[in-house]
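Working notes, beginning with the structure itself.
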Amino acid sequence: MTRSTVSVATIGVPRIGRRRELKFALESYWSGKSPAEHLLQTAKALRRANWTEQRDRGVTIIPSNDFSLYDHVLDTAVMVGAVPAAYGWTGGEVPLDTYFAMARGSQDGAASGCGHPGHEHGVTALEMTKWFDTNYHYMVPELSDDQVFALSSTKPIDHFLEAKEIGVHTRPVILGPVTFLKVAKSHAEGFNPISLLPKLLPVYQELLRELAAAGVDWVQIDEPALVLDLVPNERDAFKFAYDKLAAAAPDLKVMLATYFGALGDNLETALSLPVAGLHVDLVRAPQQLEPVASLAREDLVLSLGVIDGRNVWRADLPSILDRLGPAVADRPSEHIEVAPSCSLLHVPIDLELETALDADVKSWLAFSVQKMDELVVLSRALSGGRDAVHAELKASAEAAAARAASPKVHDPQVEARTAGIRDAMTRRRSAFLERRKLQESKLGLPPFPTTTIGSFPQTMEVRKARAAHAKGELSQTDYEAFLKKETEAAIRWQEEVGLDVLVHGEFERNDMVQYFGEQLSGFAFTKHAWVQSYGSRYVRPPIIYGDVSRSRPMTVSWWRYAQSLTGRPVKGMLTGPVTILNWSFVRNDIPRSQTCRQIALAIRDEVLDLEEAGATMIQIDEAALREGLPLRRSDWKTYLDWAVESFRLASSGVDDATQIHTHMCYSEFNDIIDAIAAMDADVISIETSRSKMELLDAFRNYKYPNEIGPGVYDIHSPRVPEAEEMVHLVKLARERLSDAQLWINPDCGLKTRKWEEVRPALVNMVAAAKQLRVAA
Ligand code: GLN
Ligand code: ZN
């Protein structure tokens, strides 16, 4: 008996284009170099290419409306008419420039006097934040307590029709109403956007009716909020919403898509909704296959997210089939779809472009289009039996076996070293108060010591030199001479301004993770494997494929050079293990925690080499520690335990008198303050200026004992703060912490700023510290 065919769905695909066409078209439009028409044509061509490519590769359920010029959450806000008053929109279709003003702010926006510094004549962008636990950032919809919604965009319908014109019947994707409200925010005190659901649903109902009228038979509605911890009224919101949606368009079938984790305690809710299909993430949560398959209604179409949409590894197809086989045996093929765990938006597009990648490493990878091919093989195996795709399955299994056995992946020395990690290696010799005495006498700093976070402006000149060096147009010697000149100028300049603790400026670094990854073994770098971080900003995360080790010092010569120029202390400057891990594509053959420990040992060696070279202060940045928090609260402790342990492993090898700094560029510490304290850094610099020091309450309440540099100057804005403002901020800090704990520094590194902004701001910052010392 031949079964009918198992469908192949992609859930969503990257929008940016193999050659970053979307980025270039956007930036050209924004800079006024090309008209809107050019941007819109480019976008249309990208959509068309995505549709035909999926069709040609054998994908049978092809999404539309997964494309976005900037961000799909922003698209949704615009679609439901949630455009804050500041953008001057008065109804009707939202103009392109209003859309981009919401995304990026505008200098000549309709609004003025919005109150945000630096934007007196324009309007600021919506806030941006991470999309669940991905490195994709979405624009946070801003809703008022008297929000009015109205269907204000026909994009889902237009794109469906656009695909139809070229003969591709698509399944439009829309962001579900509950997740939309859950990721939105409101300025109204104590107001929860979820309460707007009854007002929002009519817009979704209207949309679904219009989609049905346009000929849509299936629609994918994304509700990733179903993998979060929900309170009872949020679960009820799902029931309420989907009953209403089902009633609005009874013939339209809904594929409810969940991803990024297990449904867990929301499974019952998900299965009770009146939808025709359910997509589940079986990569993050393979254990939910069994319960989902056995509890789901017989006629529910299951979309099985078995190919990793969040990582770059090629799948082991036979083992996926082994796992799927029994669970799907009883369900008719037409009620099964195979899919990536989530939209392929989060992986690069095409591995074939990577012609310079190590051949073995390349043979272990699959990017978006390769993942489509894998799905097609799975579908053929499930529909027609494994023999039909014998060769493909064999190749897949062989690649998996080769990877598992490869000496490029396994380094017995590294594995022995991590196995030998002892508790004592994760503890400083003495407690903080002991260390502090030694550090005080060794360093002899004034009260309220001043410093910066590490980087100085990456000027056009610096970037040009780096690019020329990378292309081979600037020799190693000339490049180094250039960097030395920049470093020296930065040191001289910091001395002149009167900073107490100096930095070398990080001119030699392309990126705070890449710089280290390129010098560590076990890391691979790509040329074209871009993924969208936000809007037109894409990143190429390193790929950690093997055991990580360091063969030689990575930063010591730059530190030594900088320190040779001055009598003041220069901080050694490193990126921490958790941040390197969280901003990379990580191995899936060993636990993340294990890779993190390996990186920690490499950084530990670097710390010790810096100390040996004479560094008295070493900063280990953990910018991404908080963003690695799991989506479910119950998983936090395990993560924080190994993350903190890794930081301590990296930092604890030094003498008591060596001062360890860390830096974190965020401002929410309330819920992780135990972990922050457990890191036991002698000094932590954090982002606080925008929150007016309120977040220091967490440190005060905890009675945090170590030293803190609460950022007194917001480096995210070009605005130069006056000394008085900074004194005022420190005053707020002094209400919460003791004077002896406080350092004076900016919020974050200064690489994105211009020298014209940095100079006066730091002059003012030093003046502020002097005022404080006189008064103290
Ligand atoms: N030392 C880094 C810098 O100043 C820290 C950046 C960060 O944490 N984002 O650029
Ligand atoms: Zn920072």
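The values are calculated or read from the model by the stated rules, or taken from the named source; none is laboratory data. The structure displayed is predicted, hence computed values, not measured ones. Here Cβ is always computed from backbone atoms with ideal geometry, including for glycine, and neighbour counts include all displayed protein chains. What goes into the accessible areas is simple: the full protein's heavy atoms, side chains included, and nothing from ligands, DNA or RNA. Shrake-Rupley method; radii C 1.70, N 1.55, O 1.52, S 1.80 Å.
Residue-wise test of (1) farther than 26 Å from R15 by Cβ; (2) basic (K, R); (3) surrounded by fewer than 22 Cβ atoms within 10 Å (Cβ to Cβ).
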| site | (1), (2), (3) |
| --- | --- |
| M128 | no, no, yes |
| D146 | yes, no, yes |
| L151 | no, no, yes |
| D158 | no, no, yes |
| K182 | no, yes, yes |
| P193 | yes, no, no |
Legend entry - Where a residue in region 378-395 is of a type outside the set (A, V, I, L, M) and its partner, wherever it lies, is part of a helix (DSSP H, G or I) and modelled with pLDDT under 95, with Cβ under 6 Å and at least six apart: R380/A388; S383/S333
Inset, instruction - Select the strands (runs of 3 or more DSSP E) contained entirely in region 635-740, then report the ones holding at least 3 residues which are open to solvent by less than 10 Å² (accessible area, probe 1.4 Å), within 16 Å of ligand 2 (Cβ to nearest atom) and not β-branched (V, I, T). - result: 659-664
Legend entry - The listed residue being at pLDDT 95 or above, under 18 Å from L317 (Cα atoms), not in a strand (DSSP E or B) and not charged (D, E, K, R), out of H410, H390: H390
Inset, instruction - Note down all Cβ pairs under 6 Å where the first residue falls in region 452-464 and is under 21 Å from P710 (Cα atoms) and at pLDDT 95 or above, the second is within 16 Å of ligand 2 (Cβ to nearest atom) and acidic (D, E), and they're at least six residues apart or on different chains. - result: G454/E506; S455/E506
Inset, instruction - Among the residues of region 511-549, count how many are part of a strand (DSSP E or B), open to solvent by 20 Å² or more (accessible area, probe 1.4 Å) and of a type in the set (D, E, K, R). - result: 1
Inset, instruction - Report yes if Y29 is farther than 24 Å from L175 by Cβ and either open to solvent by less than 30 Å² (accessible area, probe 1.4 Å) or not in a loop (DSSP other than H, G, I, E, B) (or both), otherwise no. - result: yes
Inset, instruction - Read through the list (1) open to solvent by 20 Å² or more (accessible area, probe 1.4 Å); (2) under 21 Å from N135 (Cα atoms); (3) within 16 Å of ligand 2 (Cβ to nearest atom); (4) not in a helix (DSSP H, G or I), then give the number of the only condition that L631 fails. - result: (3)
Inset, instruction - Return the residue satisfying two criteria in turn: it lies in region 485-505 and is among the acidic types (D, E) and closer than 19 Å to T616 by Cβ, and of such residues it is most open to solvent (accessible area, probe 1.4 Å). - result: E495
Legend entry - L263 being surrounded by fewer than 21 Cβ atoms within 10 Å (Cβ to Cβ), under 24 Å from the mean Cα position of the chain (by Cα) and of a type outside the set (G, A, S): yes
Legend entry - Options A657, A681; residue that is within 16 Å of ligand 1 (Cβ to nearest atom) and either touching a helix residue (DSSP H, G or I) at 6+ places or on another chain (Cβ under 9 Å) or free of Cβ contacts under 8 Å to residues at least 24 places away in the same chain (or both): A681
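Table: residues versus (1) in contact with a helix residue (DSSP H, G or I) (Cβ under 8 Å, 6 or more places away or on another chain); (2) over 18 Å from G264 (Cβ atoms); (3) small (G, A, S).
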site	(1), (2), (3)
T179	yes, no, no
V183	yes, yes, no
A213	no, yes, yes
V227	yes, no, no
D243	no, yes, no
A249	yes, yes, yes
